[in-house]
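Here the structure comes first, spelled out in structure tokens, and everything after it is commentary.
The values are calculated or read from the model by the stated rules, or taken from the named source; none is laboratory data. Not measured: the values here are computed from a predicted model. All Cβ positions, glycine included, derive from the backbone under ideal geometry; neighbour counts span all protein chains shown.
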Amino acid sequence: MADATRLGLTSNPFEPAASGAPVTADLWLPESWRTRLRSSIDLLSGGRGVKALAVSGAYGSGKSYVLQWLLREEFPRRHDVKPFYFDNPGVQFYDLANSLLRQIGRKDLAKCIWELAAIHVTGYQRDLFLRGFEEYLRSHRRQTTDVLSELQTSIVNARITADEEIAHRLARLVTDSPRKPYFEYRDFVAGRPDALVTEREEAAYFGAILTILRLASGIKSVAFLVDEFEEISLQKRLTKREAHDYLATLRRLIDLTHEGNLWLVVAMTPDAVQKTNALAPALWDRFTNKGKYHWELPALSEGDATALVKHRLAAVRAQGDARADELFPFPPDLVSLLKPATFSTPRRLVQFCFYAIGGATESTPVPFREDYLKKVEAKLYPSAREVAES
Amino acid sequence: MKDGATLAATIPFANRENARSEGDQHQLEPRDAWMRPVSFFGLLRILRIVAGSPAGLRAGELDEIIRSGGAYQTGNGRPSRTTLYHCRNTLLRLGALKREGRRVTVERFDPLVAALLNEEQIDSLSSTAKEHFATLVLRNSDCRRHFFDLFMRGSSDYTLADFRNRGRSVVWFWERPSPTGKRAVLEGSGGRSMALSSPSAIKGILYGVRYWARDQLGLIDEFFREERGFIMYPLRPFGEEEDPSRIAKQIASLAPPGIRKWVELSVSDLKVQLCEKRRQEVRSLLNAIQWLEAAHAGYVVLVPTSRAFATLTASSANREQLQLRGYFQDNQGRYISHIRLHNSVLSALKEA
């Protein structure tokens, strides 16, 4: 990269991979995207029933960015919704539980259950429960079975769940914590004797977890932001059963949202939309309310593309530089110099800008000239003909 | 999983079993399923060898000439005796060869066989030779009754041209009538259907005559749709509408009217509209997409899908390959499910 001061920047504000959202910068969405997302969320907030939204688009169209925006900007702004982000969660329903509980952490979840249940303990071990979870962890010498049984009853009394088996599994999640203060994958394989999840009661189990999160954090609902839903398996080929599992997972999630305290935002490719709709049209209709809550991410317009670049540049503009609202070191007519396929896809645009800035040397004229920009574009995104010729 | 069984009912394939009554099904006797996957280019060379011996050849003599002269090649190299038996049997059943005692001779008085023998000797099967063979296949009563009739509504008296111009689609799919049983079902658009349960019936129809029609003779093409199954449809005669720019123009005509800068089209939907309905090869559509990308670089965006999702319902390596066959693969090896066209491309194509 050329001397940053020559470009009027403190660093290169674009990422080479442009995969998802930048880690540190504040997130920016085109005004039309923000309006559309907010109005969908407002509409869903006010109503009852399924709170689900499908966001579809090609790879690089901004799906992950939109989910990150919901995670980091929009849901926190609303205070009463706690969002969780799942990336490529796996085909089984409990893969989601695995991902969710790992995000919370075993100790924190066990502590939540302990504290919610402790006030309902009436009999044996009352003192132990009143001394708090940390003290329990320190003084763990007692008969686990006694604590387990007391905790199980208290979980039911705390209205976390009415199901005895789920209450037992949750109680075990707490009492086994001193011995094993972490989650491992086998904890989420239903049917194993030492599993922390219940077999054939997936929805009820998840309902209990959501209740714990709501009661413990004083929030109204939880939002699941599921990215790359179509990458449901790392295997090359899914079995028929797994193909069913994909739809079953989606259906169970939608069933959960019926309770009114779970939001579900799923990002998927256009092919995933088409196939889900083809395999289970009724499910798709329920999920998107007959297409009303399915949003196909639009291509960036010339204005949106320019605004995106300006926003990124402004964040790293050297202090005192008067060009805070400009495209410098890019020329003012940057977008008109690029092919529509380059500037209309956020990932391509960000990658292009990264390499244009990163590849500039001391001798590269600034603002960048058309021939330099075209060279960068052709190198990054050669046409099929250019590839064949090379 | 608790919902696995109930969910199966939401998948269209699973519903078909109950929807079809046994009465309208066509049954196939194992002896009628003699068709096997053979190369028609190889058959033409065998026909020429027999024609070179006016007195005819015994089976062993013919096999020896074929094997020593390398007249018939398989994927593994030299053909086995079983393969050569099936080649001979195919030519006999199609009426290109006849038996005279223990010898086989050419049916010289059949104009189609005569025309095949007059074909110029080249390294592949010419389109005319394909048409002659296609006529022989369509003329065979077993092939008609157990395969081609499914494509035709009403009368079973039709020519090659009738088949190409009036034939309708046939959908096939696998189903499990019992936990251990498995059968292939072919459903014609005229309400006719056929279930293939025995291994010989499946070999003869699915891997025999279907393979001839699709891969050898260019009579039909096939693609997959999740909600329907494998769709086979008749192809128009060779040479028509092959120009990719013409098909690209047809693609543009399917874009919904409006003022949007970009229009996204599903390749799977394009296959229905341009291949199934207009009787064009899937390959022609894929060539047209490739042409579009090259001719309008920067104004056409190819939208890939994940390989796992592309073959979501495939439960074997073969079916996975069959499903992937209908996808356009770009120069990076990605499977393309949708294409996005800039409105300037649409305007240019519509005006061209």
Number of the condition not met by B:Val345 [criteria: (1) in contact with a Phe, Trp or Tyr (Cβ under 7 Å, 6 or more places away or on another chain); (2) more than 11 Å from chain A (Cβ to nearest Cβ); (3) surrounded by 14 or more Cβ atoms within 10 Å (Cβ to Cβ)]: (2)
Selection count, the stretch B:273-306, where residues are facing chain A (nearest Cβ under 7 Å) and either in contact (Cβ under 8 Å) with a residue 60 or more places away in the chain or part of a loop (DSSP other than H, G, I, E, B) (or both): 4
Any hit, the stretch A:88-103, residues being assigned by TED's automatic domain parsing to the domain that holds A:Leu210 and either assigned to a strand (DSSP E or B) or modelled with pLDDT of 90 or more (or both): no
Matching residues, the stretch B:275-292, being among the polar types (S, T, N, Q) and closer than 19 Å to A:Arg385 by Cα: B:Ser284, B:Asn287, B:Gln290
Qualifying residue in the stretch B:307-319 (condition: more than 16 Å from B:Leu270 (Cβ to Cβ) and aromatic (Phe, Trp, Tyr)): yes
Output for the stretch A:260-294, where each listed residue is within 14 Å of chain B (Cβ to nearest Cβ) and in a strand (DSSP E or B): A:Val266, A:Ala267, A:Met268, A:His294
Sole residue being part of a helix (DSSP H, G or I), over 20 Å from B:Pro237 (Cα atoms) and touching a residue at least 24 places away in the same chain (Cβ under 8 Å), chosen from B:Asp142, B:Asp149: B:Asp142
Pick from the stretch B:42-67, criterion in contact with a strand residue (DSSP E or B) (Cβ under 6 Å, 6 or more places away or on another chain) and in a helix (DSSP H, G or I), ranking: surrounded by the fewest Cβ atoms within 10 Å (Cβ to Cβ): B:Ala51
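Does A:Lys379 satisfy the condition of being assigned to a helix (DSSP H, G or I) and surrounded by fewer than 21 Cβ atoms within 10 Å (Cβ to Cβ)?
Yes: the conditions hold for A:Lys379.
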Some residue of the stretch B:103-116 being in contact with a strand residue (DSSP E or B) (Cβ under 6 Å, 6 or more places away or on another chain) and aromatic (Phe, Trp, Tyr): no
Enumeration of residues in the stretch B:111-139 that are touching a Phe, Trp or Tyr at 6+ places or on another chain (Cβ under 7 Å), in a loop (DSSP other than H, G, I, E, B) and either of a type in the set (Gly, Ala, Ser) or within 15 Å of B:Pro237 (Cβ to Cβ) (or both): B:Ser124
Residue check for A:Thr342: within 14 Å of chain B (Cβ to nearest Cβ) and farther than 30 Å from A:Leu43 by Cα: yes
Leading residue by the ranking (nearest to the other protein chains (Cβ to nearest Cβ)) among those in the stretch B:307-330 that are among the small types (Gly, Ala, Ser) and under 25 Å from B:Ala248 (Cα atoms): B:Ala310
Subset of the stretch A:22-77 [assigned to a helix (DSSP H, G or I), surrounded by 14 or more Cβ atoms within 10 Å (Cβ to Cβ) and among the small types (Gly, Ala, Ser)]: A:Ser40, A:Ser45, A:Ser64
Residue match in the stretch A:340-350 (condition: of a type in the set (A, V, I, L, M), in contact (Cβ under 8 Å) with a residue 12 or more places away in the chain, closer than 24 Å to B:Leu265 by Cα and not assigned by TED's automatic domain parsing to the domain that holds A:Arg36): yes
Residue in the stretch B:198-219 that is free of Cβ contacts under 8 Å to residues at least 60 places away in the same chain, more than 13 Å from B:Leu235 (Cα to Cα) and assigned to a loop (DSSP other than H, G, I, E, B) present: no
The stretch A:194-221: number of residues that are charged (D, E, K, R) and either more than 14 Å from chain B (Cβ to nearest Cβ) or crowded, with 20+ Cβ neighbours inside 10 Å (or both): 4
Qualifying residue in the stretch A:348-358 (condition: surrounded by 19 or more Cβ atoms within 10 Å (Cβ to Cβ), within 13 Å of another protein chain (Cβ to nearest Cβ) and not aromatic (Phe, Trp, Tyr)): yes
Residue within the stretch A:132-151 that is surrounded by 20 or more Cβ atoms within 10 Å (Cβ to Cβ), touching an Asp or Glu at 6+ places or on another chain (Cβ under 9 Å) and more than 23 Å from A:Asn261 (Cα to Cα) present: no
